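Step one of this worksheet: look at the structure below.
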Amino acid sequence: PLPAARERALALGADLALDPADPAFRDRVLAATGGAGVAAAFDFAGVPAVREQAVAVLAPGGRLTLVGLTDRPITITDGTLFSYFQKKLLGHYGSTAEHVVELVRLLGAHRLDFSGSVSAVMPLADAPKAVHALEAKEGNPIRIVLKP
(Lines give C-alpha, C1' and ligand atoms only; values in the text may rest on other atoms or scores of the structure.)
Protein backbone atom coordinates (compact mmCIF):
# COMPACT_ATOMS: atom_id res chain seq x y z
CA PRO A 1 0.00 0.00 0.00
CA LEU A 2 2.99 2.38 0.34
CA PRO A 3 3.93 4.51 -2.66
CA ALA A 4 7.63 3.99 -1.87
CA ALA A 5 7.15 0.21 -2.02
CA ARG A 6 5.45 0.48 -5.42
CA GLU A 7 8.28 2.70 -6.70
CA ARG A 8 10.83 0.17 -5.38
CA ALA A 9 8.99 -2.68 -7.11
CA LEU A 10 9.04 -0.84 -10.43
CA ALA A 11 12.74 0.00 -10.01
CA LEU A 12 13.45 -3.69 -9.44
CA GLY A 13 11.67 -4.73 -12.63
CA ALA A 14 7.98 -5.11 -11.81
CA ASP A 15 5.74 -4.58 -14.84
CA LEU A 16 2.99 -3.03 -12.75
CA ALA A 17 2.69 -1.76 -9.18
CA LEU A 18 -0.78 -0.72 -8.11
CA ASP A 19 -2.29 0.84 -5.04
CA PRO A 20 -4.42 -1.92 -3.48
CA ALA A 21 -6.91 0.71 -2.27
CA ASP A 22 -7.54 1.93 -5.83
CA PRO A 23 -11.21 1.19 -6.64
CA ALA A 24 -10.12 0.40 -10.21
CA PHE A 25 -7.50 -2.15 -9.04
CA ARG A 26 -9.21 -5.17 -10.68
CA ASP A 27 -9.89 -3.27 -13.91
CA ARG A 28 -6.25 -2.14 -14.08
CA VAL A 29 -4.95 -5.68 -13.61
CA LEU A 30 -7.32 -7.03 -16.25
CA ALA A 31 -6.33 -4.23 -18.66
CA ALA A 32 -2.64 -4.99 -18.10
CA THR A 33 -3.20 -8.70 -18.79
CA GLY A 34 -5.35 -8.23 -21.88
CA GLY A 35 -8.43 -9.21 -19.89
CA ALA A 36 -7.00 -12.62 -18.98
CA GLY A 37 -6.08 -12.03 -15.35
CA VAL A 38 -2.97 -13.36 -13.64
CA ALA A 39 -1.73 -16.94 -13.71
CA ALA A 40 -0.28 -16.70 -10.20
CA ALA A 41 -0.79 -14.48 -7.17
CA PHE A 42 0.92 -14.60 -3.79
CA ASP A 43 -0.32 -13.42 -0.41
CA PHE A 44 2.75 -12.56 1.67
CA ALA A 45 0.73 -10.42 4.08
CA GLY A 46 -1.69 -12.95 5.57
CA VAL A 47 -4.52 -10.44 5.17
CA PRO A 48 -8.02 -11.52 4.04
CA ALA A 49 -8.43 -8.43 1.81
CA VAL A 50 -5.25 -9.38 -0.09
CA ARG A 51 -6.59 -12.87 -0.72
CA GLU A 52 -9.96 -11.61 -1.92
CA GLN A 53 -8.30 -9.13 -4.26
CA ALA A 54 -5.98 -11.81 -5.62
CA VAL A 55 -8.80 -14.30 -6.26
CA ALA A 56 -10.71 -11.58 -8.14
CA VAL A 57 -7.89 -11.17 -10.67
CA LEU A 58 -6.92 -14.82 -11.18
CA ALA A 59 -7.09 -16.13 -14.73
CA PRO A 60 -8.90 -19.41 -15.38
CA GLY A 61 -6.62 -22.12 -13.97
CA GLY A 62 -4.77 -19.46 -11.93
CA ARG A 63 -3.43 -20.12 -8.50
CA LEU A 64 -3.18 -18.15 -5.28
CA THR A 65 -0.34 -19.18 -2.96
CA LEU A 66 -0.69 -18.21 0.69
CA VAL A 67 2.70 -17.52 2.28
CA GLY A 68 1.77 -14.87 4.85
CA LEU A 69 0.78 -16.55 8.09
CA THR A 70 -2.45 -15.73 9.86
CA ASP A 71 -4.98 -17.39 12.12
CA ARG A 72 -7.85 -15.81 10.17
CA PRO A 73 -10.17 -18.06 8.15
CA ILE A 74 -9.84 -18.44 4.40
CA THR A 75 -13.01 -17.43 2.55
CA ILE A 76 -13.77 -17.85 -1.14
CA THR A 77 -16.87 -15.77 -1.72
CA ASP A 78 -17.92 -17.33 -5.03
CA GLY A 79 -17.01 -21.00 -4.78
CA THR A 80 -18.96 -21.92 -7.92
CA LEU A 81 -16.94 -19.60 -10.20
CA PHE A 82 -13.72 -20.53 -8.39
CA SER A 83 -14.37 -24.18 -9.20
CA TYR A 84 -15.77 -23.56 -12.69
CA PHE A 85 -12.61 -21.67 -13.70
CA GLN A 86 -10.44 -24.34 -12.02
CA LYS A 87 -8.61 -21.87 -9.83
CA LYS A 88 -6.28 -23.17 -7.15
CA LEU A 89 -5.48 -22.22 -3.57
CA LEU A 90 -2.12 -23.36 -2.22
CA GLY A 91 -0.49 -23.01 1.16
CA HIS A 92 3.25 -22.55 1.66
CA TYR A 93 5.11 -22.09 4.92
CA GLY A 94 7.90 -20.08 3.28
CA SER A 95 10.96 -21.99 4.36
CA THR A 96 12.43 -24.60 6.65
CA ALA A 97 15.64 -24.58 8.68
CA GLU A 98 17.60 -26.01 5.73
CA HIS A 99 16.69 -22.96 3.65
CA VAL A 100 18.21 -20.61 6.22
CA VAL A 101 21.47 -22.59 6.04
CA GLU A 102 21.34 -22.42 2.24
CA LEU A 103 20.79 -18.65 2.28
CA VAL A 104 23.70 -18.11 4.67
CA ARG A 105 25.93 -20.28 2.45
CA LEU A 106 24.93 -18.37 -0.69
CA LEU A 107 25.45 -15.05 1.07
CA GLY A 108 28.88 -16.15 2.28
CA ALA A 109 29.79 -17.12 -1.28
CA HIS A 110 28.69 -13.64 -2.48
CA ARG A 111 25.96 -15.18 -4.65
CA LEU A 112 23.21 -13.09 -3.03
CA ASP A 113 22.99 -9.42 -2.20
CA PHE A 114 20.43 -8.50 0.43
CA SER A 115 21.69 -4.95 0.88
CA GLY A 116 18.78 -3.50 -1.08
CA SER A 117 16.27 -5.16 1.20
CA VAL A 118 17.83 -4.08 4.50
CA SER A 119 16.65 -0.66 5.60
CA ALA A 120 18.70 -0.50 8.77
CA VAL A 121 21.00 -2.43 11.09
CA MET A 122 20.33 -1.73 14.75
CA PRO A 123 21.73 -3.05 18.02
CA LEU A 124 19.73 -5.85 19.60
CA ALA A 125 19.03 -3.56 22.54
CA ASP A 126 17.04 -1.34 20.15
CA ALA A 127 14.64 -4.15 19.18
CA PRO A 128 11.59 -2.26 20.54
CA LYS A 129 12.55 0.77 18.41
CA ALA A 130 12.97 -1.47 15.35
CA VAL A 131 9.56 -3.07 15.87
CA HIS A 132 7.97 0.35 16.30
CA ALA A 133 9.64 1.60 13.08
CA LEU A 134 8.27 -1.39 11.17
CA GLU A 135 4.77 -1.10 12.65
CA ALA A 136 4.61 2.66 12.09
CA LYS A 137 6.35 2.34 8.72
CA GLU A 138 8.73 5.13 9.72
CA GLY A 139 11.04 5.83 6.80
CA ASN A 140 9.38 3.13 4.63
CA PRO A 141 11.40 0.23 6.08
CA ILE A 142 11.70 -3.07 4.26
CA ARG A 143 13.67 -5.07 6.78
CA ILE A 144 15.58 -4.14 9.93
CA VAL A 145 18.43 -6.40 11.03
CA LEU A 146 19.19 -6.62 14.73
CA LYS A 147 22.87 -7.05 15.51
CA PRO A 148 23.86 -8.71 18.83
**OP:** With a 1.4 Å probe and every protein chain kept in, tell me what percent of the accessible surface of the chain is carbon plus sulfur.
**Re:** 60 percent
Original post:
Taking a probe of 1.4 Å, how large is the accessible area per residue of segment 3-91, in Å²?
Top reply: 64 Å²
Subject >> L12 accessible area, assembled protein chains, probe 1.4 Å, Å² >> reply: 150 Å²
Subject >> Residue-by-residue Karplus 3J(HN,Hα) for segment 55-61, coefficients 6.51, -1.76, 1.60, Hz, glycine and proline x >> reply: 4, 5, 10, 6, 6, x, x
Subject >> Beta bridges per DSSP with both ends in the chain, % antiparallel, nearest 5 >> reply: 0 percent
**OP:** Enter the accessible area of D15 (Å², nearest 10), with the probe set to 1.4 Å and all protein chains included.
**Re:** 150 Å²
**OP:** Would you mind calculating the gained length between A21 and L112 on full extension (0.36 nm times residue separation, minus the Cα-Cα distance), in nm to one decimal?
**Re:** 29.4 nm
Original post:
How many nm is it between the label spots at L12 and F42, if each spot is 7 Å from the Cα in line with the beta carbon?
Top reply: 0.9 nm
Original post:
Of the residues A59, A32, A21, which exhibits the maximal mean-square fluctuation in a Gaussian network model of the chain defined by a 10 Å Cα contact cut-off?
Top reply: A21
Subject >> Simple label model, 7 Å out from Cα along Cβ direction - F85 to R72, nm >> reply: 2.1 nm
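The values are calculated or read from the model by the stated rules, or taken from the named source; none is laboratory data. All figures in this text were calculated on a predicted structure; none of them were measured in a lab. When we count neighbours, we look across all protein chains shown, and the Cβ atoms used for this are built from the backbone with ideal geometry, even at glycine. Accessible surface is based on the protein model in full, side chains and every heavy atom, while ligands, DNA and RNA are left aside. Shrake-Rupley method; radii C 1.70, N 1.55, O 1.52, S 1.80 Å.
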